[in-house]
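Only one structure is covered here, and it is reproduced in the block below.
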Amino acid sequence: MTHDPGLPLVPRVIDWFAENARDLPWRSPDRTAWGVLVSEVMLQQTPVVRVEPAWRAWMAAWPEPADLAAASTADVLRAWDRLGYPRRALRLQECARTIVERHGGRVPTEEAELLALPGVGSYTAAAVRAFAYGRRSVVLDTNVRRVLARTAAGAALPGPSQTVAEVRLAESLVPADDATAARWAAASMELGALVCTARSPRCDACPVADLCVWRTAGYPPDVHASRRRTQGFAGTDRQVRGRVMALLRSALEPVPLDEVEAAWPDRAQLTRCVDGLVTDGLVTVVPHPGGPDAGPPTYRLPH
DNA sequence: AAACCGGGGAG
DNA sequence: CTCCCAGGTTT
């Protein structure tokens, strides 16, 4: 390691980041605030490797908020492809429309303005301020939570939900000036993504291994392990919704009811899920041309 | 605080 | 097979 053992945690991680940052398109010098916002929404629960190609295609199609605001929702949902949680795509388009109507087509800079946008929560608002505008903010995502849990709190993993104490700890570490704070935000996230990983951390490559409380304590096990439960996916409504959306994304014409029903064996569950998709605005029902009594409807993505 | 919301790849 | 991923919204 080339780090200075005398340096505290924050500058060491920042120095490490200068040498080890991934070359991601939303970090390019010619990135826009809109591009950063799009990346942050896509990265909500979707890994970087799957976001990158979708982000490139998305930004080529809709380089500014006004472009996305004017797009067909069906095109938007197809471009979202299989990133998962397609309500995020809807919110991102609503977000673009809000930016056009309320902010003249420019991504706002104030935290309260960002938080008021659809699909933007505390993490995304802080991330946009830091990465798009270089402003000081407390960026606390799953990576930073894990880095702080280990290095400072001595825990194997952070708890299931974010606590006030964690936010305070994170706040206490953020450098005072804008540029360094923004660098720390990116650096701490990157350390969590590349070195201080959840499954098998690469402590041999960690610039702060010698001052990590978790490591010094001999890697005590995760105290939340017994309470942690996996979400499960097979057979859930989420899987059924995904099936239906995949079917409609690939369809060039509205899909007849019987073909939608063929996508899942449990009729009651399928009906519930399709109704939910309609309620969410992800699916549109096209009544039978002769009226509801003349025959079954067809289904398509919203225009 | 807990539930809900996708999908894929690593281990 | 389980776990995890640059979370947000709703109840």
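The values are calculated or read from the model by the stated rules, or taken from the named source; none is laboratory data. Being a predicted model, the structure only gives us computed values, none of them experimental. Here the Cβ positions follow ideal geometry from the backbone for every residue, glycine too, while neighbour counts run over all protein chains shown. Side chains are part of the model used for accessible areas, which takes the heavy atoms of the whole protein and leaves out ligands, DNA and RNA. Shrake-Rupley method; radii C 1.70, N 1.55, O 1.52, S 1.80 Å.
Can you tell me which residue within region A:61-90, out of those that are open to solvent by less than 40 Å² (accessible area, probe 1.4 Å), in a loop (DSSP other than H, G, I, E, B) and within 10 Å of DNA strand B (Cβ to nearest atom), is nearest to residue A:39 (Cα to Cα)? It comes out as A:83. As a summary of the residue check, residue A:278 satisfies the conditions (1) within 25 Å of residue A:71 (Cβ to Cβ); (2) open to solvent by less than 50 Å² (accessible area, probe 1.4 Å) except for the one numbered (2). Note on region A:127-143: residues that are in a helix (DSSP H, G or I) and more than 8 Å from DNA strand C (Cβ to nearest atom) total 5. Residues in region A:115-131 that are open to solvent by 10 Å² or more (accessible area, probe 1.4 Å) and either aliphatic (A, V, I, L, M) or within 16 Å of DNA strand B (Cβ to nearest atom) (or both): A:115, A:116, A:118, A:119, A:120, A:121, A:122, A:123.
Taking region A:206-303 and the helices (runs of 4 or more DSSP H) fully enclosed by it, the elements with 2 or more residues that are modelled with pLDDT of 95 or more, more than 30 Å from the chain's Cα centre (by Cα) and not assigned by TED's automatic domain parsing to the domain that holds residue A:77 are at A:257-261, A:267-280. For region A:18-48, the candidate set comprises residues that are free of Cβ contacts under 8 Å to residues at least 24 places away in the same chain and within 15 Å of the chain's Cα centre (by Cα); within that set, the residue that is most open to solvent (accessible area, probe 1.4 Å) is A:47. Within region A:49-60, the set of residues being open to solvent by 20 Å² or more (accessible area, probe 1.4 Å) and over 17 Å from residue A:128 (Cβ atoms) comprises A:49, A:50, A:52, A:53, A:56, A:57, A:60.
Within region A:61-72, is even one residue in contact with a His (Cβ under 6 Å, 6 or more places away or on another chain) and either assigned by TED's automatic domain parsing to the domain that holds residue A:163 or among the hydrophobic types (A, V, I, L, M, F, W, C) (or both)?
Going residue by residue through region A:61-72, those that are in contact with a His (Cβ under 6 Å, 6 or more places away or on another chain) are A:72.
When the remaining residues are screened for being either assigned by TED's automatic domain parsing to the domain that holds residue A:163 or among the hydrophobic types (A, V, I, L, M, F, W, C) (or both), the result is A:72.
Yes.
In this structure, residue A:183 does satisfy being among the basic types (Lys, Arg), assigned by TED's automatic domain parsing to the domain that holds residue A:49, touching a helix residue (DSSP H, G or I) at 6+ places or on another chain (Cβ under 8 Å) and open to solvent by 70 Å² or more (accessible area, probe 1.4 Å). In the set (1) crowded, with 18+ Cβ neighbours inside 10 Å; (2) touching a residue at least 24 places away in the same chain (Cβ under 8 Å), residue A:134 fails one condition alone, (1). Only one of the listed residues (A:257, A:247) is farther than 30 Å from residue A:184 by Cβ and in contact with an Asp or Glu (Cβ under 9 Å, 6 or more places away or on another chain). That residue is A:247.
Can you spot a residue in region A:151-164 that is within 27 Å of residue A:28 (Cβ to Cβ) and open to solvent by less than 60 Å² (accessible area, probe 1.4 Å)? Within region A:151-164, not a single residue is within 27 Å of residue A:28 (Cβ to Cβ) and open to solvent by less than 60 Å² (accessible area, probe 1.4 Å). For region A:198-212, the tally of residues that are in contact (Cβ under 8 Å) with a residue 12 or more places away in the chain and either surrounded by 21 or more Cβ atoms within 10 Å (Cβ to Cβ) or near DNA strand C (Cβ under 10 Å from one of its atoms) (or both) stands at 5.
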